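The values are calculated or read from the model by the stated rules, or taken from the named source; none is laboratory data. In this text the structure is predicted, and so the values were computed from the model without any measurement. FYI the Cβ positions are ideal-geometry reconstructions off the backbone, even for glycines, and counts take in every protein chain you see. Heads up: the accessible areas ignore ligands, DNA and RNA and are worked out on the full protein's heavy atoms, side chains in. Shrake-Rupley method; radii C 1.70, N 1.55, O 1.52, S 1.80 Å.
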Number of protein chains: 2
Amino acid sequence: MPHRHATASDVARLAGVSQSAVSRAFTPGASIARETRARVEDAARELGYRPNAIARSLTTRRSRIIGVAAAYLQNHFYPEVMEALSRGLHARGYHLLLFTPDAGRDADPQLQEVLSWRVDGLILASTTVSSALASECRAAGIPVLLFNRTSLGTDVSSVTGENLRGGRLIAEFLVAGGHRRLAFLAGIEASSTSRDRERGFAGWLVEHDLPPPLREVGLYDFDAACAAARRLLARPDRPDAIFCGNDHMAIAVAEVARHEFGLRIPRDLSLVGFDDTAPARWPSFSLTSFAQPLQPMVDAAVALICEMIENPAAPTRHEVVHGELVVRGSARIPPEGCVSLGDRLVWRPPRDEA
Amino acid sequence: MPHRHATASDVARLAGVSQSAVSRAFTPGASIARETRARVEDAARELGYRPNAIARSLTTRRSRIIGVAAAYLQNHFYPEVMEALSRGLHARGYHLLLFTPDAGRDADPQLQEVLSWRVDGLILASTTVSSALASECRAAGIPVLLFNRTSLGTDVSSVTGENLRGGRLIAEFLVAGGHRRLAFLAGIEASSTSRDRERGFAGWLVEHDLPPPLREVGLYDFDAACAAARRLLARPDRPDAIFCGNDHMAIAVAEVARHEFGLRIPRDLSLVGFDDTAPARWPSFSLTSFAQPLQPMVDAAVALICEMIENPAAPTRHEVVHGELVVRGSARIPPEGCVSLGDRLVWRPPRDEA
């Protein structure tokens, strides 16, 4: 039962104006007399006319659609990112075409299909692309931006938090707090976030002639992190502090430590997370966590993708958004080095060498 | 710097096939010889050709895009819904255009714009539409489906969980557990979910000649729920059980009860939530919660919107997906009436009169 849509020329006829006036009435920012606009709007309402963004996109060669890939929405960080991205892109006149590839893989299979929509750009959150597809997008003039990831072996622009510096600060914080048996709980090992956080953490320890951390893999997954926590905590040389690759895994570790091993946090075990998501602030967890500042990261991503769309020849850029190690109750607090910043306590050792 | 896209006829020429063969090669399910398809794909790769879904949508009058509105992604339930919806729609060949109106308001302002994309259908999660816009969509032949909401005063199809029955079962469960001072923490009062859960809860109490519950409003918001919990728990006639309109608010109440009032759960205070989201299963909360079964609800929504697109004249339907009250440790457990169902304990009183 296809229905016939009223056309712009139907509206022009009824309103007694030119077709170009109809077009201007529906183009944000176009110049048109108020009275003319009102007549067009009345006629459009009467006929059920709606400007056809799809047809317009064929003329302008701009779809005003940004494809956004986000895997792994069970982690609190990404829904908050999606909501902020949707609002930020909308404010710039873009719509967000969502797709959800599997976490831990590149997004190529779904991207191939998304590209047939002639999206104006792609933002990939918590996933990445193969270098083949990145080249294909470049050849087609479609800007690609990685959010909270960088990509090995390809030259794709990105917006990330301070993963390397965050890892270094956490090592310094835990050592200053008197911990001696450190562990790192990795996320998805192929992801740049996990790699960079670990490089920072283990690198700082090595530089300071300290033993490398114990290590388990939690795949950024709640159940996998629980299993990894059981392995770490059952060791005879149980760690006294665990840096978890993100908050989502840190909460899993806290649950296992308390409810299966009867450990008190931080007296028996210190935990530090990464992301500073909402549950980190719940008193039950009170998680010390490196804050990836979500709104500045999203603002940077929206600004960057818009610039890339305006100027597809612009060089690749990697924006790193400054964050802080927010100190709460889940890890022993060093006697000095923490300062109050607004209503938060943050780790700012006298000589920040990170 | 506009770039020229290769066309289907460029590909046909290079591959030495007809344009219709090119079209068939890119139409899922179309009949084409394997060797012909391979030649088309090689030529397409060489030329950087990509079938243009936008142009195709003008011909077929099908955009294969479903607009999805979801407010309120900080509640764990909705990100899980989005991920499942994205996968479910994708499996049917649809893409998901996401928009994020404000929670607690109807989605009209953003919908007006989304409609210009000639979406094939609209799914509204955690939000609703005005009756004016619902009529407009009906006139334009665009199916609208409410997910986890129903709409007052309009006749819009919906998929919901058993809000009314859930509220009734929770009242029965808490009374059977020996609680005598019950309270209800409402969500957004204008939402059908909050209204129906409250009607079921308070209605069962009235039917059994029990006093109506105390009542506060938490707006489905974490901070507002914390404030409401403080008001409830500071009363001289403090409730001994609170039915929270969703898990997100139940967690807020648990945090305030434990960490600000020193209450033990469930010894001093029983809590029941709604949704059965992931944090309900974390041992720190171990929340008794009415399970809205997410995947069956999403499956029902995907099937229904597809039927509505195929047959826009189909009558309005309201699908209610069956759920269970999952019993964990956050509320005193009645001496009888719970049964094991797989690895879960659920409330199944001998004579289920709910």
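Protection proxy ranking of A:275-286, A:237-248, by the mean of other Cβ atoms within 10 Å over each peptide's residues and highest first, is A:237-248, A:275-286. Interface B-A: total buried accessible area of about 5700 Å², 1.4 Å probe, protein heavy atoms only. At the residue level, B:L219 shows approximately 90 square angstrom of accessible surface with a 1.4 angstrom probe and all protein chains present.
Surface composition of the stretch A:8-51: carbon plus sulfur atoms contribute 49% of the solvent-accessible area (1.4 Å probe, protein chains only, all chains present).
Principal-axis analysis of the Cα atoms of chain B puts helix B:34-47 at an angle of about 90° to the longest axis. Close amide H partners of A:H95, meaning residues 5 or more places away or on another chain with modelled amide H under 5 Å apart, are A:I65, A:I66. Taking B:A227, B:A33, B:A183 as the candidate residues, the one with maximal mean-square fluctuation in a Gaussian network model of chain B, Cα springs under 10 Å, is B:A33.
Model label points for B:V206 and B:A139, set 7 angstrom from Cα along the Cα-to-Cβ axis, are 3.8 nm apart.
Could you give the nm distance between label points at A:R351 and A:V320, where each point is 7 Å from its Cα heading toward the beta carbon? In this crude spin-label approximation the distance works out to 2.1 nm. For A:S23, the accessible surface of its heavy atoms amounts to roughly 60 Å² (probe 1.4 Å, protein chains only, rounded to the nearest 10).
Heavy atoms of the protein chains alone define the surface here; on that basis the stretch A:175-317 has 37 Å² accessible area per residue at 1.4 Å probe size.
Neighbours of B:A33, meaning other residues whose beta-carbon lies under 10 angstrom from its beta-carbon, give a summed charge of +3 when Lys and Arg score +1 and Asp and Glu score -1. For peptide B:76-87, the mean count of partner chain Cβ atoms within 10 Å of a residue's Cβ comes to 5. Select from the stretch B:244-265 all residues whose loss of accessible area on going from the chain by itself to the full protein assembly reaches 50 Å² or more (probe 1.4 Å). Hits at the 50 Å² cut-off: B:E255. In the protein assembly as shown, the DSSP-assigned H stretches of four residues or longer account for a calculated mean residue ellipticity at 222 nm of -12500 deg cm²/dmol, using -39500 (n - 2.57) per stretch and the full residue count as denominator. With protein chains left intact and a 1.4 Å probe, residues in the stretch A:8-51 average 60 Å² of accessible area per residue.
Here each label is just a point 7 Å from Cα along the line to Cβ, and for B:S18 and A:S130 those points are 3.3 nm apart. Interface burial in the stretch B:268-298, defined as at least 10 Å² less accessible area with all protein chains than with the chain alone at a 1.4 Å probe, covers B:W282, B:P283, B:S284, B:F285. Rounded to the nearest 10 degrees, the inclination of helix A:294-310 to the longest alpha-carbon principal axis of chain A is 40 degrees. Compared with the direct C-alpha span, the chain from B:R230 to B:E336 gains 34.9 nm at full extension, assuming 0.36 nm per residue. When nucleic acids and ligands are ignored and a 1.4 Å probe is applied, B:L152 ends up with an accessible area of around 130 Å². With respect to chain A, whose longest principal axis is taken over its alpha-carbon atoms, helix A:163-176 is tilted by about 30°.
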